[in-house]
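Taking it in order: structure first as structure tokens, then the write-up.
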Amino acid sequence: MRDKLFRLLKERAYLFKEEGFRLSSGKISPHYLDCKQVTLYSQALPLIGRLLWEEARGFKPQAVGGLTLGADPLVAAVCFAAGLEGIALEGFIVRKEAKGHGTGKWLEGHVQPGMRAVILEDVVTTGASAFQAAQKAREFGLEVIGVVALVDRAEGGQEYLATQGLPLRSLFTLVDFLNS
């Protein structure tokens, strides 16, 4: 299952360009992972859900969530995988800005203050996006206990998140792609 997901990521999401890509962190890298090419694919979602849930369950969360748009399919897949096991798990999405009408909320989902939560990410570089999601979730009142990602680029994100009290677990690292 893990090997199949890695192959899908390598074939569909991993890109190399000598002159580089601008990452959301602002850094330039010749390596890019466009994970939406996999996280929005029917053959990958069951694998993503099960594998991320296996990593997240060690934190004993009551909820999983993350920053829209990258985390949206991850949250749905993990909640689905937990549901197949009969485990109640709430999903939530952190908006990039507060809702401009109605409730004006930053978080969407049926979460309650005090719940133990894990942040889900597709790719971690600096950890800034995961921290942003964790910060908004903490402001809401969730107890954010960790981050689980598909890929850690191993460019300081794990260390940064650790300084924020957020251990990071990932299925793969950029090195896995470079060595395959």
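The values are calculated or read from the model by the stated rules, or taken from the named source; none is laboratory data. The structure displayed is predicted, hence computed values, not measured ones. Every residue, glycine among them, receives a Cβ derived from its backbone with ideal geometry; neighbour counts consider all protein chains shown.
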For this session: Could you tell me which of the residues VAL151, VAL111, VAL118 is crowded, with 17+ Cβ neighbours inside 10 Å, in contact with a Phe, Trp or Tyr (Cβ under 7 Å, 6 or more places away or on another chain), aliphatic (A, V, I, L, M) and assigned to a loop (DSSP other than H, G, I, E, B)?
Result: VAL111
Problem set entry | Of all residues in the stretch 1-28 being touching a residue at least 40 places away in the same chain (Cβ under 8 Å) and closer than 16 Å to PHE172 by Cβ, the one that is surrounded by the most Cβ atoms within 10 Å (Cβ to Cβ) | LEU9
For this session: Determine whether ARG12 is in contact with a helix residue (DSSP H, G or I) (Cβ under 9 Å, 6 or more places away or on another chain), part of a helix (DSSP H, G or I) and either modelled with pLDDT under 95 or within 17 Å of LEU84 (Cβ to Cβ) (or both).
Result: no
Seminar exercise, completed: Selection over the stretch 121-148 where residues are of a type outside the set (Val, Ile, Thr), over 17 Å from THR39 (Cβ atoms), in contact (Cβ under 8 Å) with a residue 40 or more places away in the chain and in a strand (DSSP E or B) yields a count of 1
Exercise. How many of the residues in the stretch 154-178 are outside any strand (DSSP E or B), of a type in the set (S, T, N, Q) and closer than 23 Å to TYR41 by Cβ?
Worked result: 0
Exercise. Would you call GLY127 over 25 Å from MET1 (Cβ atoms), surrounded by 21 or more Cβ atoms within 10 Å (Cβ to Cβ) and not basic (Lys, Arg)?
Worked result: yes
Seminar exercise, completed: Inside the stretch 45-71, the number of residues satisfying the requirement of being assigned to a helix (DSSP H, G or I) and either crowded, with 21+ Cβ neighbours inside 10 Å or in contact with a strand residue (DSSP E or B) (Cβ under 6 Å, 6 or more places away or on another chain) (or both) is 9
For this session: Just one of (1) more than 28 Å from PHE172 (Cα to Cα); (2) within 18 Å of the chain's Cα centre (by Cα); (3) at pLDDT below 95 trips up ARG95, so point out which.
Result: (1)
